[in-house]
Amino acid sequence: MLEKEFFTEYGEASQYKILEVVGRGSYGVVVSAIDTHTGEKVAIKKMTNIFEHVSDATRILREIKLLRLLRHPEIVEIKHIMLPPCRREFKDIYVVFELMESDLHQVIKMNDDLTPAHHQFFLYQLLRALKYMHTAHVFHRDIKPKNILANEDCKLKICDFGLARVSFTDTASAIFWTDYVATRWYRAPELCGSFSSEYTPAIDIWSIGCIFAELLTGKPLFPGKNVVHQLDLITDLLGTPPAESIARIGNEKARSYLNSMRKKSPIPLSKVFPNSDPVALRLLKRLLAFDPRARPSAEEALADPYFHGLANVENEPSTQPFSKLEFDFERTMLTREDVRELIYREILEYHPQMLQEYLQGTHQISFMYPSGVDQCKEQFALLEELEEHSQSENSPPHLRKHASSLPRERVCTADEVDDCGTLSAGFVSCASIHSPPRSQGTRELPSPSAHAVAVQSIASKPKCRNLLRSDSIGASSSRCVV
């Protein structure tokens, strides 16, 4: 690891000790690191040349703004954004996130023995996040397993808000936007084949339904090869939609195709998912209604009998819609310099002293501010060089840890449970879920009730019973869950 050469007044140059590469993509590189001030593990995402295309820069601006405003335990949190050395000339940004160990795509791929309790707890978290987003009038528009981060304690967090949009109507109702959103396999039928369409938050509900089905079977429900194939797969399962539903589809070609389609009858979900709980399948059928008006809202889905004993409306908060002023840039034709200034303004949210100078008009424009970016860039370069050298020697590529380390459900005997409520056999059968960290200005949102997913025999152990009571929700103590 590189020696630290300097320490800025903002502490960034020495604050993060970079450990290893954990992800790559068209956006750049993500590394894991340790915050030396707190000892906490974090992820640092390096995004380079972000102003090469204004559309890409606008997407980044939208994402970092939304993640600053959406503070919820099931939405990934930006902890810090490093200050660039120059307000007018920076090209790269370094965003510090909380570190998550894997994503739901890998969890499903690497675990062929997920239990009904896993399915219930995963779905509960996703709907809880969706309720919060939708009451803010935010539509994610790209919910898929790869955009859901996961930890080995079964906690999920939705990420990648680059395609999200905010509605500024009185209610989060129908909005006209481009429909080329959501990976095809998780795309709602009202979006298939249309270049513009009127849609609602129900598009996110459909995506959640597709993910729920994938959890039940371990494979995607509608793996369409193209839009036509996608519609074929959807109607093969759900049947041909009624004429009134087809009439509401915006694209004439899509309407014509569905009207000319041979009549199909729906397949009972019990035949497709023969080993699944009928209560779960009733909820799945609601989530996957062809007509978006027939799908439940996230709040209505949380009230479904499937979540009996787990759901608690006090732990399922809503929020207020955002101010239009926060998203004025969405209605303006921006230049490269406009976006650069707006992103810089967002970065200052993580540097309070400089933000005050900026708001007071005393902030210098051309001055080279003390920054940890150059030091961080050197650490990234060294790490990537070491990784390339390692791969050139035919060593296996980096794999994220804990991709398959989810706890397993089984009946626990009293002899297997120790005094703190964890299994002596180890992590594979029991995990601890802690309350999410308290965000500044936001009340703490406790984890859902553990007793609904806990191994029942643990409750008979006197020293574990207090971990499973509903009144212990949100406590910092560990609790056993499947």
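Computing FRET efficiency as 1/(1 + (r/R0)^6) for ARG68 and ASP338, where r is the C-beta to C-beta distance and R0 is 22 Å, gives about 0.70.
Label-to-label distance for SER14 and LYS219 is 5.6 nm, based on points extended 7 Å past Cα in the beta-carbon direction. When you restrict to C-alpha pairs under 8 Å that are six or more residues apart and normalise by the size of region 1-148, the relative contact order lands at 17 percent.
The 1.4 Å probe gives accessible areas that order LYS253, LYS285, largest first, as LYS253, LYS285. The gain in end-to-end length when the ASN312 to THR183 segment is fully stretched comes to 43.3 nm, 0.36 nm per residue minus the alpha carbon separation.
As a fraction of the 1.4 Å probe accessible area of region 191-295, surface on carbon and sulfur atoms comes out at 54 percent.
Per-residue SASA remark: VAL30, around 20 Å² accessible (1.4 Å probe; ligands, DNA and RNA not included). Note on region 209-278: with charges restricted to the Cβ of Lys and Arg (+1) and Asp and Glu (-1), its dipole about the Cα centre is near 240 debye. For LEU383, the accessible surface of its heavy atoms amounts to roughly 30 Å² (probe 1.4 Å, protein chains only, rounded to the nearest 10).
In the context of the full set of protein chains, residues of region 216-349 present 56 Å² of accessible surface per residue (probe radius 1.4 Å, heavy atoms only).
On the basis of the beta-carbon distance and an R0 of 22 Å, SER265 and GLU300 show a calculated FRET efficiency of 0.25. Note that region 92-105 has calculated 3J(HN,Hα) couplings of 10, 9, 10, 10, 9, 10, 5, 8, 10, 8, 7, 9, 5, 4 Hz, one per residue in order, obtained from phi through the Karplus relation 6.51 cos²θ - 1.76 cosθ + 1.60 (θ = phi - 60°); glycine and proline are x. Spin-label model, PHE329 to GLN353: label points 7 Å out along the Cα-to-beta-carbon direction sit 2.6 nm apart. Using alpha-carbon positions, what is the distance between the centroids of region 79-107 and region 17-51, in Å? Here the two parts' Cα centres lie 6 Å apart. Highest mean packing first, where packing is the average number of other Cβ atoms within 10 Å per residue, the peptides 299-309, 349-359, 201-211 line up as 201-211, 299-309, 349-359. Checked against a 27 Å cut-off, the cross-linked pairs LYS41/LYS155; LYS131/LYS271; LYS91/LYS155; LYS45/LYS225; LYS79/LYS219 give Cα-Cα distances beyond that limit for LYS131/LYS271; LYS91/LYS155; LYS45/LYS225; LYS79/LYS219.
Think of region 208-327 as having a plus end and a minus end, set by charges on the Cβ of Lys, Arg, Asp and Glu; of LEU233, ALA213, PHE290, LEU233 sits farthest toward the positive end of this dipole. Peptides 286-298, 50-62, 319-331, ordered by how many other C-beta atoms sit within 10 Å of their residues on average, highest first, read 286-298, 50-62, 319-331. Amide H to amide H, with H built 1.01 Å from N, GLU20 comes under 5 Å of SER32, counting only residues 5 or more places away or on other chains. Karplus-derived 3J(HN,Hα) values for region 154-162, using 6.51 cos²θ - 1.76 cosθ + 1.60 with θ = phi - 60°, are 6, 7, 10, 9, 7, 10, 6, 9, x Hz; glycine and proline are entered as x. Contact order, relative form, for region 269-366: 12 percent (alpha carbon pairs under 8 Å, 6 or more residues apart, mean separation divided by residue count).
Taking 0.36 nm per residue of separation and subtracting the Cα-Cα distance, full extension of the segment from GLN320 to VAL279 would add 11.5 nm.
The values are calculated or read from the model by the stated rules, or taken from the named source; none is laboratory data. Just so it is clear, the structure is predicted and the values come from calculations on it, not from any experiment. Ideal geometry is used to build each Cβ from the backbone, glycine not excepted, and the neighbour counts take in all protein chains shown. The protein model used for the area step is the full one, side chains on, heavy atoms only, and it has no ligands, DNA or RNA in it. Shrake-Rupley method; radii C 1.70, N 1.55, O 1.52, S 1.80 Å.
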